[in-house]
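For reference, the structure is listed below as structure tokens.
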Amino acid sequence: MNKELVIVLDFGGQYNQLVARRVRECNVYCEIYSYKTDLDKIKAMNPKGIILTGGPNSCYEEEAPTYSKELFELGIPVLGLCYGAQLMMHVLGGKVEKAPVREYGKTLVYTDTGSPLFADVEKETICWMSHFDYISQVAPGFSIVAHTADCPVAAAQSDSSKLYAIQFHPEVLHTQEGTKMLYNFVRNICGCSGDWRMDSFVENSIREIRKKVGNGRVLCGLSGGVDSSVAAVLLSKAVGNQLTCVFVDHGLLRKDEGDEVEEIFGPRGSYELNFIRVNAQERFYQKLEGKSEPETKRKIIGEEFIRVFEEEAKKIGTVDFLVQGTIYPDVVESGLGGESVVIKSHHNVGGLPDYVDFKEIIEPLRSLFKDEVRKVGLELGIPEKLVYRQPFPGPGLGVRIIGEVTAEKVRIVQEADAIYREEIEKAGLSRSIGQYFAALTNMRSVGVMGDERTYDYAVALRAVNTVDFMTAEATEIPFEVLQTVMSRIINEVRGVNRVLYDLTSKPPGTIEFE
């Protein structure tokens with residue numbers, strides 16, 4: 001699509017996806033690339049602006065990630081954040097060294113509101129600091145436009161060159177006016193008009209899909225989750241009967257979910273889709289037998305999905321395209337979008353086998369974050385109940401069972417999860433929690449039930465609040481609700497004698513367990 005672009009050059013920072021997400025909140029399209037991206041490639045993309053992320057290194061060290069001085073001489077506005085700010089100063093002749101006082105957490109920053117970066121920002125504002133180096137001397141041509149009690153250069157600018165350096169993190173919610181600062185950069189300084197909107201995304205996507213597919217046949221891997229459901233309806237709008245949706249019940253779904261998906265999308269459902277259900281539970285269990293390493297499990301599940309799709313395609317006849325509900329976080333977390341390490345191989349991205357027997361894979365949502373996918377779903381007329389249903393990973397309970405997957409473990413986590421979801425619904429909390437589920441740990445412990453010793457599994461409950469699924473905080477569920485869930489699981493689910501509640505945020509954890 002022909003749209004304005006701001007690129008994020010990733011130097012290994014933990015907030016790389018969050019930077020892109022915040023830029024998109026300003027209705028500006030943004031993509032993440034590694035700092036190793038060639039300068040000619042950057043020029044060819046013709047970005048309206050460039051943002052340099054934070055990172056864990058010291059820019060003055062010999063092996064530290066860096067970029068050539070030419071990046072700052074393109075005439076394109078550049079915003080450096082934290083490490084990116086220090087690198088800008090270091091490359092352009094300033095000085096960065098170990099800070100006498102490390103700053104971490106919420107910090108009062110004093111801003112120069114005459115700077116275009118801080119237009120309409122309070123003179124004293126709370127920002128999120130996280131650095132042990134500091135800019136002790138700005139580069140020639142730069143002026144200081146923000147400071148803190150301990151940091152003499154919290155922000156600097158060369159307005160004539162449109163270069164801006166911020167020591168703190170405007171992308172995190174703890175920076176109270178961070179979105180306003182990023183808006184000032186992308187909309188005012190870069191001059192972006194804000195043409196990234198979901199209504200135009202739907203129109204453009206349908207047009208492009210029709211052009212790409214032509215008279216070809218399309219197979220969509222439909223899981224019933226938000227992403228694949230939106231992808232399926234989008235493709236249906238574009239190519240109609242040329243689309244066949246294949247729902248693979250891999251035996252790792254939530255309790256009764258296979259039947260629920262068929263009810264929505266099958267012959268008696270609301271959508272006129274060519275729908276095929278494949279019951280492949282035993283096939284997946286056999287492939288996963290004896291496998292406990294998370295990445296191995298993800299890749300097995302990803303490959304087996306593809307093999308089932310290939311078999312179904314042969315039954316249909318000649319199928320040219322495979323559609324998947326891949327979204328942007330899948331791409332980045334699988335190590336394909338920036339410089340950050342592989343967090344986990346998503347079954348439809350990093351988990352794909354080397355050979356796929358389709359002419360091409362279509363991923364219409366590949367550029368979107370989760371909340372953008374939901375907006376697309378609403379634009380397509382999909383009911384809110386389906387659009388806002390609880391997210392469910394492609395590998396399903398395979399990544400909510402720590403260690404080896406067996407039919408017995410699947411039964412345990414299905415029953416525990418069903419109880420948990422039922423009680424959350426009863427308490428009226430379902431729409432106020434970003435995501436919640438039960439997982440089965442590989443921990444077994446001693447317990448006492450009916451005056452007898454037990455040695456059974458521990459179930460972990462997870463509930464997080466999140467906007468974009470890039471960062472998340474544990475939800476404070478009322479204790480009486482947790483007590484009810486605990487009591488029901490232990491009494492009703494055979495094989496469980498202990499229930500835990502996971503308080504871990506993201507980062508350092510991920511939302512799923514594996």
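A few remarks follow.
- Hey, SER143 open to solvent by less than 60 Å² (accessible area, probe 1.4 Å), farther than 22 Å from ASP371 by Cα and free of Cβ contacts under 8 Å to residues at least 24 places away in the same chain or not: yes
For every residue, the table says whether it meets (1) open to solvent by 30 Å² or more (accessible area, probe 1.4 Å); (2) under 17 Å from ILE424 (Cα atoms); (3) out of contact with any Lys or Arg (no Cβ under 9 Å at 6 or more places or on another chain); (4) part of a helix (DSSP H, G or I).
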| position | (1), (2), (3), (4) |
| --- | --- |
| GLU476 | yes, yes, yes, no |
| ASN491 | yes, no, yes, yes |
| THR504 | yes, no, no, no |
| PRO508 | yes, no, yes, no |
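- Residue count, region 107-130 (criterion: touching a Phe, Trp or Tyr at 6+ places or on another chain (Cβ under 8 Å) and either of a type in the set (A, V, I, L, M, F, W, C) or part of a strand (DSSP E or B) (or both)): 9
- Evaluation of ILE206 against the conditions (1) under 28 Å from GLU303 (Cβ atoms); (2) modelled with pLDDT of 90 or more; (3) within 28 Å of the chain's Cα centre (by Cα) shows that the sole unmet condition is (1).
- Residue within region 90-102 that is under 30 Å from the mean Cα position of the chain (by Cα) and open to solvent by less than 70 Å² (accessible area, probe 1.4 Å) present: no
- Selection from region 35-56 of residues that are under 12 Å from GLY12 (Cβ atoms) and either surrounded by 17 or more Cβ atoms within 10 Å (Cβ to Cβ) or of a type in the set (Asp, Glu) (or both): TYR35, LEU52, THR53, GLY54, GLY55
- Unique match (being hydrophobic (A, V, I, L, M, F, W, C), surrounded by 20 or more Cβ atoms within 10 Å (Cβ to Cβ) and modelled with pLDDT of 95 or more) among MET181, MET129: MET181
- Test for ASN188: is it within 30 Å of THR107 (Cα to Cα), open to solvent by less than 10 Å² (accessible area, probe 1.4 Å) and more than 23 Å from the chain's Cα centre (by Cα): no
- Among (1) touching a residue at least 24 places away in the same chain (Cβ under 8 Å); (2) touching a Leu at 6+ places or on another chain (Cβ under 7 Å); (3) more than 21 Å from SER58 (Cα to Cα) - the single one PRO170 does not satisfy: (3)
The values are calculated or read from the model by the stated rules, or taken from the named source; none is laboratory data. If you're wondering where the values come from, they're calculated on a predicted model, not measured in any experiment. Here the Cβ is made from the backbone with ideal geometry for all residues, glycine too, and neighbour counts use every protein chain on show. Note: accessible area is taken over every heavy atom of the protein model, side chains too, but ligands, DNA and RNA are not part of it. Shrake-Rupley method; radii C 1.70, N 1.55, O 1.52, S 1.80 Å.
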